[in-house]
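Report on the following structure.
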Amino acid sequence: MAKTVSLQVSQRAGIGRTALKAVRKAGRVPGVLYGKTKDKTVRSRPIDIDSRKLASVLQSSTSENVLVDVEVTDPSGAKVDQHLALLLDVQHHPIKDYIIHIDLHEIDQDEILHAEVPVTSVGEPVGVKTGGGLLETMLRTIRVACLPRNLPELISVDVSHLAIGHSVHVRELVLPEGVTASNPPELPVFSVFAPKEEVVETPATEVKQPEVIMEKKVDEAAPAPGAKGGGKADAKPAAKPEGKK
């Protein structure tokens, strides 16, 4: 089950961009604590948390589902109230490695909560060991419903029995007592696939066209080889003018 950690947060007065910059400059992380009032309406309280203490809590957890025993203080350090909350959203700077905002949601010990829990495989599938298959993770998290005290940090799945072409489905998961999966039962969580065959492309054989020899036609009007002059060989000599011998 998810472990419960203690965390002290301070009520934050400023909510603008300038106030957020001042909070981060002081080494604290701004956030929001969501909860329900007596008339069941949702309320939100701006808070800030010591960045080093928050980082220590997250680094010691194997999941982002962290149950937090939250002690709320005013800016002077005096205790205001205390709540059990779930750390649901942690926003990181897109370039630099630090947390820029968190969301905490108050929960009731006797109220069913819904959360995403990461899954991990245990063992080497027989289809991988003996058949050269490939183990694929189809679902990285499982959505569960349970009481806060039963919330698991991680769901371990034994995959050692999987042969090639076989899968572990949501309906086959062994979940802790009091925990039920909300995903469709037929969804595969882990599957073993046959190894991909390497396709070797063979170069296409070049088809040679038959060589065609074009015979040059002899021009009938052309003089035969060795003939003098450029006229026809059988041409008659020109007639002499009358009166001349």
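The values are calculated or read from the model by the stated rules, or taken from the named source; none is laboratory data. Note that this is a predicted model, so its numbers are computed, not measured. Virtual Cβ from ideal backbone geometry, glycine too; neighbours counted across all protein chains shown. What goes into the accessible areas is simple: the full protein's heavy atoms, side chains included, and nothing from ligands, DNA or RNA. Shrake-Rupley method; radii C 1.70, N 1.55, O 1.52, S 1.80 Å.
For SER60 and SER160, what does the FRET efficiency come to when R0 = 41 Å and r is the distance between their Cβ atoms, rounded to the nearest 0.05?
After rounding, the FRET efficiency stands at 0.90.
Report the Cα-based extents of region 17-168 along its three principal axes, largest first, to the nearest Å.
65, 39, 22
Determine the gain in length on full extension of the stretch LYS3-GLU71; use 0.36 nm per residue of separation and subtract their C-alpha separation, reporting nm with one decimal.
Roughly 22.8 nm would be gained on extension.
Name the long-range amide H neighbours of HIS166: under 5 Å, sequence gap of 5 or more, or other chain; modelled H, no Pro or chain starts.
Those qualifying (amide H under 5 Å, at least 5 residues apart or on another chain) are VAL192.
Please list, ordered by chain and number, the residues whose modelled amide H lies under 5 Å from the amide H of GLU153; skip anything fewer than 5 residues away on the same chain.
Under 5 Å from the amide H of GLU153 lie the amide H atoms of ALA2, each far enough along the sequence or on another chain.
Separation between the LEU147 and ASP81 pseudo-spin-labels, each 7 Å from Cα along Cα→Cβ, expressed in nm?
Taking the two extended label points, one gets 2.3 nm.
Give, as ranges by residue number, the residues of region 122-150 whose backbone N falls under 17 Å from the point 7 Å along Cα→Cβ of ILE112.
143-150
What does the charge dipole of region 90-165 about its Cα centre add up to, to the nearest 20 debye, if the Cβ of each Lys and Arg holds +1 and the Cβ of each Asp and Glu holds -1?
Dipole of region 90-165, to the nearest 20 debye: 400 debye.
Keeping every protein chain present and rolling a 1.4 Å probe, give me the accessible area per residue for region 158-199 in Å².
65
Please give, to one decimal in nm, the separation of the simple spin-label points placed at ALA13 and LEU187, each 7 Å out from Cα toward the Cβ.
Simple spin-label model gives 4.7 nm for this pair.
State the antiparallel share, in %, of DSSP beta bridges confined to region 1-135, rounding to the nearest 5.
Of the beta bridges lying entirely in region 1-135, close to 70 percent run antiparallel.
Using a 1.4 angstrom probe on heavy atoms only, work out the carbon and sulfur share of the accessible area of region 7-139 in %.
51
Net charge near LYS3: determine it from the other residues with C-beta under 12 Å of the C-beta of LYS3, scoring Lys and Arg +1 and Asp and Glu -1.
-1
Ordered by residue, what ³J(HN,Hα) values in Hz, to whole numbers, does region 125-142 give under the Karplus form 6.51 cos²θ - 1.76 cosθ + 1.60, where θ = phi - 60° and Gly and Pro are x?
x, 5, x, 7, 5, 10, x, x, x, 10, 8, 10, 8, 8, 10, 8, 9, 10
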